[in-house]
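Single-structure report; data block below.
The values are calculated or read from the model by the stated rules, or taken from the named source; none is laboratory data. All values derive from a computational prediction rather than experimental measurement. Neighbour counts are summed over all protein chains in view; Cβ atoms, including those assigned to glycine, are modelled from backbone coordinates with ideal geometry.
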Amino acid sequence: MLKKVGILANGGDVAGFNAVIRGIVKTAENKGIECYGIIDGYNGLLKKNFEKLSTAAEGEAEGILPKGGSIIGSSTNANVFNYKVVNEDGSVEYKDLSDVCIQNIKDFGFDCIFTLGGDGTQKSARDFSSKGVNVIGVPKTIDNDVACTEITFGYNTAVSVAMEALDRLHTTGETHHRIMVLEVMGRYAGWIALESAIAGGADVALIPEIPFDINSVASKIQNRRKRGKEFSVVVVAEGAKPKGGDIVIKGKRDNGAGVDNTKLGGIGEIVAKQLEELTGLEARNTTLGYMQRGGTPTAFDRVLSTKYGAKAMELALEGKFGTLAVIKNGKLDYASLEDVVGRNKKIGAVSGNTEESNIRKVTMDHDLVKTARDIGINLGD
């Protein structure tokens, strides 16, 4: 019998966080279950920072469906299995503080913890599950790269923002006869770049899964000029890289071990400069950045997030812990967190693009790739 559950949002901000929280809380309230927000992701679990959530009038979760961000905060640097601790003498060491979190869960009486996040968040969820905690995950990331599900919440909103940016860049490019480059997010998976390119009528889409030949891109633009088209629009994922090259790293963060500390950015500027040199056309880069994360969710993401929240609560009521709420064949379902993690089994292991990671990338037989090629979008190969 479930009496009390906790909800934590972890990782980068996305539109739809609050809609998921609302879906969980409303479903729980109908069953007489208390819900608490765990403030600032796994940090809140470690620091025992919990806040009661309610959809009643003036309750913390009332009226949050259209609201962007997360009312319970989030964290991008909290790997409690390998937590950065600064000692009094200024020295730094990393400690496994997961047992502190588990004790906090027991002391407060949580019967289940819902983890809203991407591959790193769900890796920690799996690690907690293996230590006996009742956990259910909900797949979040604008990159759409969580394994075992067809779509994550937050992705559709990010694509919609990128599409609107492309619509605006089209008019500027056409007016001034320029190459307009749009750099979008997508560290190791090119879903945003590919889908926004199709939706926004781009001529080129460069994604991490296909190392690009800049000469191929230049040829596409030159062929357009021969047909009287004096401008082109190029979408570049931040994790795109040239053949024989590597991703562009803007900087390194010091957010602790066991999290992805590389900060990407800059490939759009490089592509714009190279295309300007190769084609003789002026080229301008726009980096969309955090615009993709913020703001109110689309109707699609509001519905998807609500479905995910309700499904997660249903799984808890059915006692199906250690799972992730997913979409399979267009329908709500669930997958084992063990399957989501894949070969990345080591407790506290680094999340992200490692050989052991099980992130979902664009495959060459995917309908989006086939469609892009059919309508003449150059993919850099």
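Tell me which residues, restricted to the stretch 142-160, are part of a loop (DSSP other than H, G, I, E, B), under 15 Å from Thr306 (Cβ atoms) and not polar (S, T, N, Q).
Our first condition is that a residue be part of a loop (DSSP other than H, G, I, E, B); within the stretch 142-160, this holds for 142-152, 154.
Then keep just the ones that are under 15 Å from Thr306 (Cβ atoms); that gives 151-152, 154.
Of everything in the stretch 142-160, those that are part of a loop (DSSP other than H, G, I, E, B), under 15 Å from Thr306 (Cβ atoms) and not polar (S, T, N, Q) turn out to be Ile151, Gly154.
Taking (1) surrounded by fewer than 24 Cβ atoms within 10 Å (Cβ to Cβ); (2) of a type in the set (Gly, Ala, Ser); (3) more than 14 Å from Asn43 (Cβ to Cβ) in turn, Gly73 satisfies each apart from (3).
Here the stretch 120-135 is the region considered, the condition is being part of a helix (DSSP H, G or I) and of a type in the set (S, T, N, Q), and the residue that is farthest from Tyr42 (Cα to Cα) is Ser130. For the residues Ile72, Ile105, Ile24, the requirement of being at pLDDT 95 or above and more than 26 Å from the chain's Cα centre (by Cα) singles out Ile105. Of the strands (runs of 3 or more DSSP E) entirely within the stretch 24-97, those holding at least 2 residues that are under 21 Å from Leu304 (Cα atoms) occupy 34-38.
Tell me, yes or no, whether the stretch 9-17 has at least one residue that is surrounded by fewer than 24 Cβ atoms within 10 Å (Cβ to Cβ), modelled with pLDDT of 95 or more and on the phi < 0 side of the Ramachandran plot. Scanning the stretch 9-17, I find no residue that is surrounded by fewer than 24 Cβ atoms within 10 Å (Cβ to Cβ), modelled with pLDDT of 95 or more and on the phi < 0 side of the Ramachandran plot, so the answer is no.
Looking at the stretch 176-204 only, could you name the residues that are within 15 Å of Ile375 (Cβ to Cβ) and either among the basic types (Lys, Arg) or part of a loop (DSSP other than H, G, I, E, B) (or both)?
The first filter runs over the stretch 176-204 and keeps only residues within 15 Å of Ile375 (Cβ to Cβ), leaving 194-204.
Selection gives Gly200, Gly201, Ala202, Asp203.
Every test in (1) among the aliphatic types (A, V, I, L, M); (2) crowded, with 21+ Cβ neighbours inside 10 Å; (3) not assigned by TED's automatic domain parsing to the domain that holds Gly173 is passed by Ile327 save one, and that test is (2).
Every residue, every condition in (1) crowded, with 16+ Cβ neighbours inside 10 Å; (2) part of a strand (DSSP E or B); (3) of a type outside the set (Lys, Arg), yes or no:
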{"position": "Gln274", "(1), (2), (3)": "yes, no, yes"}
{"position": "Leu281", "(1), (2), (3)": "yes, no, yes"}
{"position": "Arg284", "(1), (2), (3)": "yes, yes, no"}
{"position": "Tyr290", "(1), (2), (3)": "no, no, yes"}
{"position": "Gly294", "(1), (2), (3)": "no, no, yes"}
{"position": "Phe300", "(1), (2), (3)": "yes, no, yes"}
{"position": "Gly309", "(1), (2), (3)": "yes, no, yes"}
{"position": "Leu315", "(1), (2), (3)": "yes, no, yes"}
